[in-house]
1. Just one of the numbered conditions (1) part of a loop (DSSP other than H, G, I, E, B); (2) within 27 Å of residue 71 (Cβ to Cβ); (3) more than 16 Å from the ligand (Cβ to nearest atom) is not true of residue 266; which one?
2. Are there any pairs with C-beta distances below 6 angstrom linking a residue in the range 1-12 that is free of Cβ contacts under 8 Å to residues at least 60 places away in the same chain to a residue that is open to solvent by 10 Å² or more (accessible area, probe 1.4 Å) and of a type in the set (D, E, K, R), with the two at least 6 apart or on different chains, and if so which?
3. Within the set of pairs 6+ apart or on separate chains, which have a first residue in the range 243-255 that is in contact (Cβ under 8 Å) with a residue 60 or more places away in the chain and closer than 10 Å to residue 200 by Cα, a second that is within 12 Å of the ligand (Cβ to nearest atom) and not in a strand (DSSP E or B), and C-beta atoms under 9 Å apart?
4. Can you pull out every residue in the range 324-358 that is of a type in the set (Val, Ile, Thr) and open to solvent by 30 Å² or more (accessible area, probe 1.4 Å)?
5. Residues of the range 278-335 being of a type in the set (Val, Ile, Thr), within 16 Å of the ligand (Cβ to nearest atom) and assigned to a loop (DSSP other than H, G, I, E, B), which ones?
6. Within the range 75-92, take every residue that is outside any helix (DSSP H, G or I) and within 16 Å of the ligand (Cβ to nearest atom) and give me the one that is modelled with the highest pLDDT.
7. Of the numbered conditions (1) within 18 Å of residue 11 (Cβ to Cβ); (2) basic (Lys, Arg); (3) part of a strand (DSSP E or B), residue 367 fails exactly one; give the number of that condition.
8. Could you list, in sequence order, the residues of the range 25-38 that are farther than 11 Å from residue 350 by Cα and surrounded by 13 or more Cβ atoms within 10 Å (Cβ to Cβ)?
Amino acid sequence: MRYLSANYIFPLHISPLKEGVLQISEKGEIINIFESRTEVPKDKLEILEGILCPGFINVHCHLELSHLKGLLAQKTGLPDFISKLSRARNVEIAEIKRAIIDADDKMQKNGIVAVGDISNTNNSFFIKEESKILYHTFVELFSINKEKAEIIFEEGMELLKNCPTPNSITPHATYSVSNKLFSLLKEQNNGGIVCIHNQETKSEDELFSKGSGALYDFLKQFGRVNKSGMSALQTSLLQMSKQSKIILVHNTYTQKEDIEWTKEKNYTIYWCTCPKANLYIENNLPDYSIFDVSKLCIGTDSLASNSSLSILEEMKELKENTDFDLNTLLKIACKNGAEALGFENLGTFEKGKFPGVNLINELDSIRVIA
Ligand SMILES: [Zn+2]
């Protein structure tokens, strides 16, 4: 049994405790929380400098793109990024696997205990069987050619068969999935968690509301995307089941009206922000003041669009660009992400959970304590 104390403990299901004590088993189960050090025999206390919080949840990553670190130009916008990404993907499998192992290891050292990870291939499946990190894998499909919808869907189902659990099958983005493929996914994924890239670039809304713009011009080479007269967010959600929990990723250009609309229509939404990737690709950030902070969570996106896979680094960007206090930032980094991905044993220091314990110092350094 260990009794951990620090300047503050952030349990996240209750208010922060100054010089509180966390009792955990050798296996990492939360046994108890004490409000004061005097409640615990002195010789049993481990007193640490900094704050203690649960393990971080990385809600959005693409492990299988880890070998692309530093290869794609920054701040050139989403259409350019996508076209360079598809050209850079063909690399020896051994190199891809080495980069995946390294990325998984770095995430553990960065205090991440669970990840929502996108798979377009089976390249990252091996690590999910053996890693200490818990992964929810999103087998992600895309094709705007409706003639190919059935075959793409069948290939996705084949991939899903061999995919470590928990998992679900999901569309890539509103602009990259035909209506036919959306409907096949909806039929299959009734109740499963959906994760979709949303309003990552300004021209995404223009594409659907007006049938024009930079993204529309880029996509013409692959096929026809029909205008819907609505925002990208509304266009995709109308093609999804309200039974599903839906994680919308990026939301850089999401408007307040979109958020209101999801509430009126009773969708269960988590808003996953990837600030460093947004700065890398589009050099822009969402307006954080419009989101419900209890449904906001964080992803790193992939190393193709980020210099690190660190939730702490993402929190620093959030801190600089919002007025969120530390308790709120930590809820976004731990509790809300665990809820979004359905990991009930993670995210807070509630008794009986196995959330991991991180020691952080002024958001500058991190140590994994348990
Ligand atoms: Zn992504």
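The values are calculated or read from the model by the stated rules, or taken from the named source; none is laboratory data. Everything numeric here is computed off the predicted structure, so don't read it as measured data. As a convention, Cβ positions derive from the backbone with ideal geometry for all residues, glycine included, and neighbour counts pool all protein chains shown. Just the protein is used for accessible areas: all its heavy atoms, side chains included, with ligands, DNA and RNA removed. Shrake-Rupley method; radii C 1.70, N 1.55, O 1.52, S 1.80 Å.
1. (2)
2. 3/44; 5/37; 8/18
3. 249/200; 249/274; 249/299; 249/301
4. Kept after step one, since they are of a type in the set (Val, Ile, Thr), are these residues of the range 324-358: 328, 332, 348, 357.
Correct list: 328 only.
5. Listed by number, the list holds a single entry, 300.
6. Of all residues in the range 75-92, those outside any helix (DSSP H, G or I) come to 75-77, 89-92.
With the extra rule that they be within 16 Å of the ligand (Cβ to nearest atom), the set shrinks to 77, 89.
On the way: 77: 83, 89: 70.
Among residues in the range 75-92 that are outside any helix (DSSP H, G or I) and within 16 Å of the ligand (Cβ to nearest atom), the one modelled with the highest pLDDT is 77.
7. Unmet for residue 367, out of (1) within 18 Å of residue 11 (Cβ to Cβ); (2) basic (Lys, Arg); (3) part of a strand (DSSP E or B): (1).
8. First, the residues of the range 25-38 that are farther than 11 Å from residue 350 by Cα: 25-28, 34-38.
Residues satisfying the conditions are 28, 34, 35, 37.
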